[in-house]
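**Student:** What follows is a single structure, and I will ask about it in a moment.
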Amino acid sequence: MIRIGFDIGGSKIAAIALDRQGRELARLRRDVPRDHSATLAALVGLCGELQHGRGPARSIGIGMPGLIGAAGALIRVVNLPWLQGRPLQRDLQDAVRCPVRIANDANCFALSEAVDGAAAGVPVVFGATLGTGVGGGIVVDGKPLAGANAVAGEWGHNPLPGTDAADGSPVVCGCGRTGCIETWLNGAALVRDYRIVTGGEHSAPAIARLAEQGDADARTALARYQRRLATALAGVINILDPDVIVLGGGLSSITSLYAEVPKLWAPLVLAPQPETKLVPARFGPQSGLRGAAWLGHSA
Ligand SMILES: [Zn+2]
């Protein structure tokens, strides 16, 4: 028996088949069709391909960005408007005769790391993705938490307290609000930090590289980013108190975050010596897709 996972983004469907132990058996990619029935047909076709010669699927999971209710309701999926409000879970289940679960992609990321990743077997896990956007997912005792409003873990759209003049002015977020955590912690925020310090332009990976090589300006820019990340995560710790926080997304490859940020959050967390660990994702960019495949496992 295999487990199938799908990650549906704005333009591509990624699909994976895992065996019982979580070993990857196959991975496929397709363009996302632009209507509900064609998307359903594409998923059914991918299921057939993944099962061919590997045996039937025990469960199917789907991760996608947006607000996904605990029962798989597609409440708000901005990138995939033709799926919004449609019964994709039921339709796919009926078509393939196999249990289907759908969850927010950041919840899938956190689940992947909680099942067999960097936080394997840990009771309370917060998964935070730092990339073009800033997402978050919560897993408690191996189960992803959707929440009453399907927004559990969406820390990226809270305002960030404690910014100062050195951080520059708040900017408008993709969600329409101003000064969201996402706008202070995405790749563009680090680029802005570097611009404020030097007047010059570099990409976020280049700034991280320069900082690692000891460049003083890049280090100053990165220190501001780290301070804001610590502030934002201290807020998560004081509410959720996770055992482990796993970072994913492009900025999670900045190795200095893992030593520096816990030092910076220590005075902001109510506990005298916070035990929460900050670790990089084990499965990197594949984690969300693997977590989708594990959704059936956590049911
Ligand atoms: Zn926002």
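The values are calculated or read from the model by the stated rules, or taken from the named source; none is laboratory data. Remember, it's a predicted structure, so these values are computed and weren't measured experimentally. Positions of Cβ are generated from backbone atoms using ideal geometry, with glycine treated the same way; all protein chains shown enter the neighbour counts. For the accessible areas, the whole protein counts, side chains as well, though only heavy atoms, and no ligand, DNA or RNA atoms are used. Shrake-Rupley method; radii C 1.70, N 1.55, O 1.52, S 1.80 Å.
**Student:** Search segment 129-149 for residues being over 15 Å from P242 (Cβ atoms) and away from the ligand (no atom under 16 Å from the Cβ), and hand back the single one that is surrounded by the most Cβ atoms within 10 Å (Cβ to Cβ).
**Tutor:** Restricting to residues being over 15 Å from P242 (Cβ atoms) and away from the ligand (no atom under 16 Å from the Cβ), the top hit is A146.
**Student:** Evaluate the following for P274: is it in a helix (DSSP H, G or I), away from the ligand (no atom under 16 Å from the Cβ) and without any contact (Cβ under 8 Å) to a residue 60 or more places away in the chain?
**Tutor:** In short, no.
**Student:** If the Cβ limit is 9 Å and pairs must be 6+ apart or interchain, which residue in segment 140-165 that is assigned to a loop (DSSP other than H, G, I, E, B) pairs with which residue that is hydroxyl-bearing (S, T, Y)?
**Tutor:** Every condition considered, the pairs that remain are G142/S298; L160/T183; L160/T231; P161/T231; G162/T231; T163/T231.
**Student:** Just give me the residues in segment 57-93 being among the polar types (S, T, N, Q) and either without any contact (Cβ under 8 Å) to a residue 60 or more places away in the chain or open to solvent by 30 Å² or more (accessible area, probe 1.4 Å) (or both), in sequence order.
**Tutor:** Here is the first cut: in segment 57-93, the residues among the polar types (S, T, N, Q) are 59, 79, 84, 89, 93.
Listed by number, the residues that qualify are N79, Q84, Q89, Q93.
**Student:** Return yes or no: is V261 open to solvent by less than 20 Å² (accessible area, probe 1.4 Å), in contact with a strand residue (DSSP E or B) (Cβ under 7 Å, 6 or more places away or on another chain) and either outside any helix (DSSP H, G or I) or polar (S, T, N, Q) (or both)?
**Tutor:** no
**Student:** Between a residue in segment 171-190 that is farther than 18 Å from T231 by Cβ and any residue that is open to solvent by less than 20 Å² (accessible area, probe 1.4 Å), which pairs come within a Cβ distance under 6 Å, given they are 6 or more apart or on different chains?
**Tutor:** Sorted first by the residue in segment 171-190, then by its partner, the pairs are G187/A204.
**Student:** Which one is farthest from A57 (Cα to Cα), of the residues in segment 269-299 that are open to solvent by 30 Å² or more (accessible area, probe 1.4 Å) and in contact with a Pro (Cβ under 9 Å, 6 or more places away or on another chain)? First the steps, then the outcome.
**Tutor:** Narrowing segment 269-299 to residues open to solvent by 30 Å² or more (accessible area, probe 1.4 Å): 270-275, 277, 279-280, 282-286, 297, 299.
Applying the additional criterion that residues be in contact with a Pro (Cβ under 9 Å, 6 or more places away or on another chain) yields 274, 277, 299.
Details: P274: 42, K277: 35, A299: 15 Å.
Among those residues, the one meeting the criterion is P274.
**Student:** Where in segment 173-228 are there helices (runs of 4 or more DSSP H), lying wholly inside it, with at least 1 residues that are away from the ligand (no atom under 16 Å from the Cβ)?
**Tutor:** Values: elements: 181-185, 187-198, 204-212.
The helices (runs of 4 or more DSSP H) meeting that bar are 187-198, 204-212.
**Student:** Tell me which residues, restricted to segment 21-46, are part of a helix (DSSP H, G or I), in contact (Cβ under 8 Å) with a residue 12 or more places away in the chain and out of contact with any strand residue (DSSP E or B) (no Cβ under 9 Å at 6 or more places or on another chain).
**Tutor:** H36, L40, V44
**Student:** Now, a different point. Evaluate segment 47-57: report whether one residue or more is closer than 16 Å to S11 by Cβ and among the polar types (S, T, N, Q). Break it down into steps so the answer makes sense when it comes.
**Tutor:** First pass over segment 47-57, keeping only residues closer than 16 Å to S11 by Cβ: none.
No: zero hits.
**Student:** Applying the selection to segment 160-203, what residues are open to solvent by less than 40 Å² (accessible area, probe 1.4 Å) and either farther than 16 Å from G135 by Cα or of a type in the set (D, E, K, R) (or both)?
**Tutor:** A166, D167, G168, E182, L190, V191, D193, Y194, G200, listed by residue number.
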